[in-house]
Amino acid sequence: MPEIPLLPNPADPRLTRRISGTDQTGAETEISVVEERPLTIYLNRQEIVTAMTIGDYPEYLALGFLRNQGMLRADDVVTGVDYDDEIETVVVRTLRETSYEEKVQKKTRTSGCAVGTVFGDMMEGLEGLTLPQAEVRTSWLYALAKEINTTPSLYLEAGAIHGTVLCERDKPLVYMEDVGRHNAVDKISGFMFQHGLGSEDKILYTTGRLTSEMVIKTALMGIPVLASRSGFTAWGVEIARQVGLTLIGRMRGQRFVCLSGEERLLRDVDPASVPEEDRKSRRKSADEAAE
């Protein structure tokens, strides 16, 4: 298992590009822009999907996508994950023979970002799901928000990107970014699958909106708490309440809103004692930055 925390690498020259332009006054300027490239995912001999991604951690993205789509089972034995940089393709091989032609044919694009998803199959996966009754302390949430928002990242380097962080108590473990919020979640899912990392005591933090699909993916990963700087969709809240997921949004400085799973929250710190975000380190959610 690699050393953790696993963090973004804004210095990686493959992930951003310097591009010249002009500003509002007509003066010449140069900024960093996030790269975007296709990645085709195969499961054994079958092509599954082509996703637009920044290109880092392609093996984790492939594993996590297949796992979250129900194409890779928890007990599957993965015999190989092969990435070919020249043709931008990942092939995941399993001991079990697989065939998902029908599932691939009916895939649909969902809200948020650039990957097709078999939404109905994901909803079916929630039937009978019970999430762990793990405690979450507000002191952990405040500490996580401060550390995550000031961690060097592609967002702070170039913007136009989403971040998702796997946390345990008040410690970030794995921080992934991508042009699609669902890609970032899939990378974390792939990391957890490959390294056998448990989910019962974890918190998932995202810079993106708390949509229905974000809620579903978090629940299917077995993570009991999902938090964000951004806001909610009504369906996302409804599904969170159905599955018993603790859903916390609009986390800014001293403030947050919990719309589901209040019973897990232990308010162990007075919000008035928490300093407001420093203006220099204050960051928008990725949704706002991408607009």
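The values are calculated or read from the model by the stated rules, or taken from the named source; none is laboratory data. A quick note: this is a predicted structure, and the numbers were derived from the prediction, not measured. Here the Cβ is made from the backbone with ideal geometry for all residues, glycine too, and neighbour counts use every protein chain on show. Side chains are part of the model used for accessible areas, which takes the heavy atoms of the whole protein and leaves out ligands, DNA and RNA. Shrake-Rupley method; radii C 1.70, N 1.55, O 1.52, S 1.80 Å.
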So residue 82, is it among the acidic types (Asp, Glu) and over 17 Å from the mean Cα position of the chain (by Cα): yes
Restricting attention to segment 78-90, the residues that are assigned to a strand (DSSP E or B) and open to solvent by less than 60 Å² (accessible area, probe 1.4 Å) number exactly 5
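Can you tell me how many residues in segment 208-246 are of a type outside the set (Ser, Thr, Tyr), open to solvent by less than 10 Å² (accessible area, probe 1.4 Å) and part of a helix (DSSP H, G or I)? It would help to see each step written out before you state the result.
Here is the first cut: in segment 208-246, the residues of a type outside the set (Ser, Thr, Tyr) are 208-210, 213-217, 219-227, 229, 231-232, 234-245.
Next, from what is left, pick out any that are open to solvent by less than 10 Å² (accessible area, probe 1.4 Å): 208, 210, 213-217, 219, 223-227, 229, 236, 239-240, 245.
The next check asks that each one be part of a helix (DSSP H, G or I); those that pass are 213-217, 219, 236, 239-240.
So the count comes out to 9.
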Among what's in segment 58-77 and is open to solvent by 50 Å² or more (accessible area, probe 1.4 Å) and modelled with pLDDT of 95 or more, pick the residue that is nearest to residue 177 (Cα to Cα). 59
Filter the helices (runs of 4 or more DSSP H) completely within segment 130-196 down to those with at least 3 residues that are touching a helix residue (DSSP H, G or I) at 6+ places or on another chain (Cβ under 8 Å). 181-195
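Could you list, in sequence order, all residues of segment 159-179 that are in contact (Cβ under 8 Å) with a residue 60 or more places away in the chain and buried (at least 21 other Cβ atoms within 10 Å of the Cβ)? Break it down stepwise before answering.
Step one: of segment 159-179, the residues in contact (Cβ under 8 Å) with a residue 60 or more places away in the chain are 159-163, 171-179.
Those that are in contact (Cβ under 8 Å) with a residue 60 or more places away in the chain and buried (at least 21 other Cβ atoms within 10 Å of the Cβ): 161, 162, 163, 174, 175, 176, 177, 178, 179.
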Out of (1) farther than 28 Å from residue 125 by Cα; (2) within 18 Å of the chain's Cα centre (by Cα), the odd one out for residue 26 is which? (2)
Scan segment 197-216 residue by residue and report those that are within 15 Å of residue 64 (Cβ to Cβ) and in contact with an Asp or Glu (Cβ under 8 Å, 6 or more places away or on another chain). 202
Can you name every residue in segment 33-57 that is farther than 20 Å from residue 217 by Cβ, assigned to a loop (DSSP other than H, G, I, E, B) and open to solvent by 20 Å² or more (accessible area, probe 1.4 Å)? 35, 36, 44, 45
